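The values are calculated or read from the model by the stated rules, or taken from the named source; none is laboratory data. No experiment lies behind these values; they were computed from the predicted model shown. So basically every Cβ, Gly included, is an ideal-geometry build from the backbone, and we count neighbours across all protein chains shown. Please note that ligands, DNA and RNA were not included when accessible areas were found on the heavy atoms of the full protein model with its side chains. Shrake-Rupley method; radii C 1.70, N 1.55, O 1.52, S 1.80 Å.
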Amino acid sequence: MSRSFDACLSNFFNKYLSLELNSSKNTIISYKCTFSLLINYLIKEKDFKLNDITFEKVNKDVILSFLDYLENKKSNSINTRNQRLGAIKSFYQYSLTLTENIDQIYNIKQILNIKNKKFTKKTQDYLTKEEIKLIFDSINTNKEIGRRNLTILVLLYDSAARADEIVNLCVEDIRYYDNQIILNGKGNKKRVVPIMDETIELLNQY
């Protein structure tokens with residue numbers, strides 16, 4: 001890898017994402033995965049040497065071929081392809097502020113102009129009230145683990161929270177007095193969500 005590319009990539013992860021942007025752990029892991037895939041692709045599929053991985057040689061056409069590789073050879077969804085592109089563009093946007101080389105700037109801007117691939121979102125199916133009730137009724141609440149599982153499922157259903165938001169829920173995030181919980185979402189953004197009396201009763205067991 002060229003010194004400038006290597007240095008930018010190192011600073012991007014070790015300083016910019018973690019210290020300046022305060023990005024979440026999951027975001028950093030996802031971005032690292034993207035660049036691990038990219039570097040392996042360049043070496044194994046494009047016969048790059050480490051010294052070939054430069055801002056001049058990793059141009060728009062190379063990035064586009066990598067994205068097509070992810071979709072067609074690695075069977076990534078278009079949404080995943082777009083997420084990988086977002087990670088790459090975040091790095092190149094950061095690198096743009098650090099370089100004064102005209103050729104590098106041109107290639108970086110070409111990559112930043114790559115558009116997300118459009119796709120038709122599938123209509124999400126949903127469970128009927130009867131189906132939800134069957135799921136809840138199937139849980140054996142005679143045991144503590146069953147009561148715990150029912151509480152988690154009811155809380156997920158009632159709050160529309162993501163699984164990791166429920167996992168990270170703390171006791172102090174539950175407002176028993178006004179039927180609300182505080183969820184810590186992506187980017188450490190907090191939001192207050194109202195929940196039903198029945199959910200509060202289940203939570204009171206813990």
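Assorted remarks:
- For ILE114, the conditions (1) part of a loop (DSSP other than H, G, I, E, B); (2) modelled with pLDDT of 85 or more; (3) surrounded by fewer than 14 Cβ atoms within 10 Å (Cβ to Cβ) all hold with the exception of (3).
- LEU127 fulfils the conditions (1) in contact with a Ser or Thr (Cβ under 7 Å, 6 or more places away or on another chain); (2) within 30 Å of LEU156 (Cβ to Cβ); (3) not polar (S, T, N, Q) except for a single criterion, (1).
- The sole residue among ILE88, ILE108 that is within 25 Å of ILE29 (Cα to Cα), outside any loop (DSSP other than H, G, I, E, B), at pLDDT 95 or above and open to solvent by less than 40 Å² (accessible area, probe 1.4 Å) is ILE88.
- Exclusive hit being open to solvent by less than 100 Å² (accessible area, probe 1.4 Å), modelled with pLDDT under 90 and either over 20 Å from the mean Cα position of the chain (by Cα) or not aliphatic (A, V, I, L, M) (or both), set THR123, THR80, THR151: THR151
- Taking (1) in a helix (DSSP H, G or I); (2) open to solvent by less than 60 Å² (accessible area, probe 1.4 Å) in turn, LYS133 satisfies each apart from (2).
- Residues being among the hydroxyl-bearing types (Ser, Thr, Tyr) and surrounded by 15 or more Cβ atoms within 10 Å (Cβ to Cβ) - total across segment 154-206: 3
- Of the residues making up segment 91-101, those that are among the hydroxyl-bearing types (Ser, Thr, Tyr) and closer than 18 Å to TYR31 by Cα number 3.
- Pairing each residue of segment 124-150 that is under 15 Å from THR199 (Cα atoms) with any residue that is assigned to a helix (DSSP H, G or I) and at pLDDT below 85, provided the two are 6+ apart or on different chains, yields C-beta distances under 9 Å for ARG147/LEU202; LEU150/LEU202.
- Residues satisfying the stated conditions in segment 18-27, i.e. open to solvent by less than 60 Å² (accessible area, probe 1.4 Å) and either at pLDDT 95 or above or more than 16 Å from TYR94 (Cβ to Cβ) (or both): SER24
- Test: residue in segment 139-146 that is outside any helix (DSSP H, G or I), among the hydroxyl-bearing types (Ser, Thr, Tyr) and open to solvent by less than 100 Å² (accessible area, probe 1.4 Å): yes
Every residue, every condition in (1) in contact with an Asp or Glu (Cβ under 9 Å, 6 or more places away or on another chain); (2) crowded, with 17+ Cβ neighbours inside 10 Å; (3) assigned to a helix (DSSP H, G or I); (4) without any contact (Cβ under 8 Å) to a residue 60 or more places away in the chain, yes or no:
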{"site": "SER4", "(1), (2), (3), (4)": "no, no, yes, no"}
{"site": "PHE13", "(1), (2), (3), (4)": "no, no, yes, yes"}
{"site": "ILE29", "(1), (2), (3), (4)": "no, no, yes, yes"}
{"site": "CYS33", "(1), (2), (3), (4)": "no, no, yes, yes"}
{"site": "LYS46", "(1), (2), (3), (4)": "yes, no, no, yes"}
{"site": "GLU56", "(1), (2), (3), (4)": "yes, no, no, yes"}
{"site": "LEU64", "(1), (2), (3), (4)": "no, no, yes, yes"}
{"site": "LYS74", "(1), (2), (3), (4)": "no, no, no, yes"}
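- When restricted to residues that are polar (S, T, N, Q) and part of a helix (DSSP H, G or I), segment 169-206 contains 2.
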